[in-house]
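Taking it in order: structure first as structure tokens, then the write-up.
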Amino acid sequence: MRVFFALWPGPAIARRLHKEGERAHVTTGGRRMRRDTLHLTLAFIGDMPRERLDALLACADKVAFTPFALALDRIAAWRHNHIVWAGASVQPPELESLVSQLNAVLADAGFPVEPRKFSAHVTLLRNARGELPASEIAPPIEWPVHAFALIESDRAQDGAHYAVLKSWPAAGASGR
Ligand code: 2AM
């Protein structure tokens, strides 16, 4: 199975993100991510044997975090992988903590962790071409984060399909 941990937006946030993707698409072309697939990856594990799932769930059980707000306030493009993404000019400390806790418990349990510095982004377009100067999202998309999730990815002809396997609420939150 192919898995990763992510923040999964509710429908209103996903709708706004999808709209931003539509706007950028006019300039860059490429493939728009479907609205119901938009997410922010926290830790990418990749392919692993299904027998490791219990160990992975146990890792996430050890993570503690409090709800926080993430202000997605900019759109930009990466040339190297032709991605157009939405991001936050200020990364909340709670987000940094969530990612570093996940990386620590995953590494302890022998799962692969990303050696590169975490760069929070929601991919909106793939195979984007042409220049896209970084621009503001105004007003910013205020994303109230109450939970993180383990996602299973199934790659199909028409793009990846994702299933939320389990979601972990923040302390004091009842879910997404
Ligand atoms: P991306 O959107 O920047 O490509 C599912 O593939 C999610 O995991 C995507 O959000 C993807 O980020 C992220 N991801 C992180 N590292 C990855 C890797 N090495 N291979 C594939 N996806 C990765």
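All of the numbers you see were taken from the coordinates with simple rules; none came from a lab. The shown structure was predicted, so the numbers you read here are calculated from the model rather than taken from an experiment. Cβ coordinates were reconstructed from backbone atoms using ideal geometry, including for glycine residues, and neighbour counts include every protein chain displayed.
Check the straight Cα-Cα distances from K166 and name the lysines below 21 Å, setting aside those fewer than 8 residues away within the same chain.
K62
From the helices alone, meaning DSSP H stretches of at least four residues, give me the mean residue ellipticity at 222 nm for the chain, per-run term -39500 (n - 2.57), in deg cm²/dmol to the nearest 500.
-8000 deg cm²/dmol
Pull out the extension gain between M48 and R23, defined as 0.36 nm times the separation in residues minus the alpha carbon to alpha carbon distance; nm, one decimal. Provide the component values of the computation, followed by the final result.
Values: separation 25, 0.36 × 25 = 9.00 nm, distance 3.64 nm.
Difference between extended and current length: 5.4 nm.
Do you know the relative contact order of the chain, to the nearest whole percent, from alpha carbon pairs under 8 angstrom that are 6+ apart? The partial results should precede the final answer.
Values: 354 pairs, mean separation 58.2, N = 176.
Computed value for the chain: 33 percent relative contact order.
Identify which of V26, V105, V145 has the largest mean-square fluctuation in a Gaussian network model of the chain, with springs joining Cα atoms closer than 10 Å.
Result: V26 has the largest fluctuation of those listed.
Loop only per DSSP, at most 14 neighbouring Cβ atoms within 10 Å: give me the GluC sites (Glu not before Pro) in segment 111-169, ordered by residue number. Can you show the working numbers first?
Values: sites: E131, E136, E142, E152; in loops: E131.
Filter output for segment 111-169: E131.
Under the Kirkwood approximation for Rh and a Cα-based Rg, what ratio Rg/Rh is obtained for segment 2-158?
0.97
I need to check one value: relative contact order of segment 63-112, counting alpha carbon pairs closer than 8 Å and at least 6 residues apart, in percent.
Reported relative contact order: 37 percent.
Note the angle between two axes, namely the Cα long axis of helix 93-108 and the longest principal axis of the Cα atoms of the chain, as a number of degrees from 0 to 90, rounded to the nearest 10.
That works out to roughly 50 degrees.
So how strong a dipole does the chain carry about its Cα centre when Lys and Arg Cβ are +1 and Asp and Glu Cβ are -1, to the nearest 20 debye? Present the calculation step by step, with values, prior to reporting the outcome.
Numbers: 21 positive and 18 negative charges, 111 e Å.
About 540 debye.
Rounding to the nearest 10 and keeping the result within 0 to 90°, find how far the Cα-based axis of helix 11-28 lies from the longest principal axis of the chain.
The angle comes out at about 40 degrees.
If you filter segment 48-125 for trypsin sites (Lys or Arg not before Pro), then keep DSSP loop positions with at most 15 other Cβ within 10 Å, what is left?
K62, R79, R116, K117
Considering the options L17, V63, A88, tell which one lies farthest towards the positive end of the dipole of the chain, charges being +1 on Lys and Arg and -1 on Asp and Glu at the Cβ, about the Cα centre.
Farthest towards the positive pole: L17.
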